[in-house]
Amino acid sequence: MYRLNPQETLAVTRAAEVADRTIAPLAAQIDEQARFPSESVSALAEAGLFGLTVPTEFGGQGAGLRAAAAVLDTVAQRCPSTAMVYLMHLCGIACYKANPHVASEALRAAARGEHLSTLAWSEMGSRSHFWAPVSKAEPQGDAVRLRAEKSWVTSAGHADGYVVTTGTAEGGIDLYLLQKDDAGLEVAGPWNALGMRGTASAPMRLAGVEAGSDRRLSEPGQAFGMMMGHVLPQFQTGNAAVSIGAAESAVRATAGHLTGQGFEHLGTKLADLPNLRHRLAAMRIETDKARALLAATFDALESEDPGAMLLVLESKAMAADTALLVTDLAMRACGGAAFSRHLGVERVFRDARAMSVMAPTSDVLHDFVGKALCGMELFS
Ligand SMILES: Cc1cc2nc3c(=O)[nH]c(=O)nc-3n(C[C@H](O)[C@H](O)[C@H](O)COP(=O)(O)OP(=O)(O)OC[C@H]3O[C@@H](n4cnc5c(N)ncnc54)[C@H](O)[C@@H]3O)c2cc1C
């Protein structure tokens, strides 16, 4: 459905190989132990996928959003946690690409598979409204001192590069690239969540981190445009792809269960029950609809359709709703077998709940789409 060119297809084939060989076999254990999927993430790096969207002049493959989504979908079908870690890496790369002068070393390292990135945007004070950081950078000559309570940072303590937001004294927003060893950059708590348990999306504290202007990714105070123009399309479409991958995984597990299990005393399969077939069909239709909308979003973006940004907003909201619906249908279609852990359905049911609360949340996206349709300012 993504209609990939041969180079993009190659990237997805490589991702599928890594996913089948390394990522899928570890997914249940990672969830159970709530541990970071280091082996899975290293396997993606070794397959060259850290550099998927890095421009070719920095050693990467220069792929776009379409290929990134297809890879994320493929990985999420095996392990949504690993896919989420990879998505946040791709979002960090989107920031680096917007200012390659500051991030050239990080881009090259990512292309070599030696640099994992992430975003540290959400703050305790402004919660899911990441576009309104309450932290204020303290000027120190040409540098700044950063103090902030970041509420959720995927790959916290595992990433090499952290793209952090901070408010400025003048009321703008800046983006800085912090490195894992920067003094004052601390993981501030554990990550023990309902789902996406392998993402290490822990709180982080910026306890007076000093950052020079050579670390600033945005023009002074002007990060908002970069966040919306460069990062939002990557985050939105990639997050949609993770939702779709999670839904796909539920469709496949359900089809396998319905055709593989039955009633010995009746000599029938679960698939002989029309209500279960109906649920499975609904799951397939909803998943296909979300993937088709995402593919249409890429068509609109690539043809510079004026309605493309509306589709970018819609695609994440729809895919997140789809993941919730489809995984819920899977739980009901597979009965007690889904309630137990062996099918893996309850794991994606839990993982699927993350995407709709990741900012911009589904509530906020519906508000944005409604405002756009009414000709209103989105951030008013
Ligand atoms: C697995 C996971 C990984 C994450 N990774 C990262 C990361 O790497 N970097 C990062 O910066 N953040 C990350 N986040 C944070 C995420 O993007 C959100 O900021 C966070 O989930 C918001 O939670 P909250 O409790 O603060 O939401 P709240 O803002 O308290 O929202 C609570 C409810 O209110 C609704 N709501 C809020 N504002 C409005 C509004 N204006 N109109 C209507 N309804 C509204 C929301 O939809 C939600 O239902 C991650 C979150 C999760 C779950």
Among 378, 294, what is the fewest-to-most ranking by other Cβ atoms within 10 Å?
378, 294
log₁₀ of I(q)/I(0) at q = 0.23 Å⁻¹ - the range 56-161, Debye sum with one point per alpha carbon
-1.33
Under a 10 Å cutoff between Cα atoms, tell me which one of 124, 355, 318 has the largest fluctuation in the Gaussian network model of the chain.
124
I'd like the orientation of helix 6-18 relative to the chain: the angle between its Cα long axis and the longest Cα principal axis, in ° from 0 to 90, rounded to 10.
70 degrees
Which order do 131, 121, 191, 152 fall in if you start with the one that has the fewest other Cβ atoms within 10 Å?
131, 191, 152, 121
Would you work out which of 365, 139, 326 lies farthest towards the positive end of the dipole of the chain, given +1 charges on the beta-carbon of Lys and Arg and -1 on that of Asp and Glu, about the Cα centre?
326
In whole Hz, the Karplus estimates of ³J(HN,Hα) for the range 39-53 (6.51, -1.76, 1.60; θ = phi - 60°; x where Gly or Pro) are 5, 5, 5, 4, 5, 5, 5, 5, 7, x, 7, 5, x, 3, 9
Counting only GluC sites (Glu not before Pro) that sit in a DSSP loop (anything but H, G, I, E, B) with at most 15 other Cβ atoms within 10 Å, what is the longest stretch of the chain containing none of them?
1-113
Rounded to whole Å and ordered largest first, report the semi-axes of the equivalent ellipsoid of the range 140-273 derived from its Cα gyration tensor (root of 5λ).
46, 17, 10
Computed over the range 224-373, the convex hull of the Cα set has an average projected area, in nm², of 9.7 nm²
Relative to the first principal axis of the alpha-carbon coordinates of the chain, what is the inclination of helix 65-78, with its axis defined by its Cα atoms, in degrees from 0 to 90 and to the nearest 10?
50 degrees
Output wanted: per-residue J couplings in Hz (rounded whole) for the range 187-194, from phi through Karplus 6.51 cos²θ - 1.76 cosθ + 1.60, θ = phi - 60°, x for Gly and Pro.
6, 9, x, x, 10, 9, 10, 4
Which lysines, if any, have their Cα less than 23 Å from the Cα of residue 136, not counting same-chain residues under 8 positions apart?
150, 180
Give, rounded to the nearest 20 debye, the magnitude of the charge dipole that the range 224-373 has about its Cα centre when Lys and Arg contribute +1 at Cβ and Asp and Glu contribute -1 at Cβ.
580 debye
Compute the distance from the alpha-carbon center of the range 1-67 to that of the range 259-311, in whole Å.
23 Å
Of 163, 12, how do they rank once you tally other Cβ atoms within 10 Å and put the fewest first?
12, 163
Quick check for me: using +1 on Lys/Arg Cβ and -1 on Asp/Glu Cβ, what's the dipole size of the range 43-117 about its Cα centre, in debye to the nearest 20?
100 debye
On a 0 to 90 degree scale, rounded to 10, what angle separates helix 24-33 from the longest Cα axis of the chain?
70 degrees
GNM, the chain, Cα, under 10 Å: largest mean-square fluctuation among 140, 179, 29?
140
Roughly how many debye, to the nearest 20, is the charge dipole of the chain about its Cα centre, given +1 on each Lys and Arg Cβ, -1 on each Asp and Glu Cβ, and no other charges?
920 debye
Built amide H within the under 5 Å cut-off of residue 262, gap 5+:
270
How large is Rg/Rh for the chain, to two decimals, with Cα atoms and a Kirkwood Rh?
0.99
I'd like to know which of 162, 221, 130 lies farthest towards the positive end of the charge dipole of the range 119-221, counting +1 on Cβ of Lys and Arg and -1 on Cβ of Asp and Glu.
130
For the range 300-348 the translational diffusion coefficient, Stokes-Einstein from a Kirkwood Rh over Cα pairs at 10 °C and viscosity 1.306 mPa s, in µm²/s, is roughly 125 µm²/s
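Read-outs throughout are calculated quantities, based only on the coordinates presented, and are distinct from any laboratory measurement. Everything quoted here is computed from the prediction, not taken from an experiment. Cβ atoms come from the backbone with ideal geometry, glycine included; neighbour counts cover every protein chain shown.
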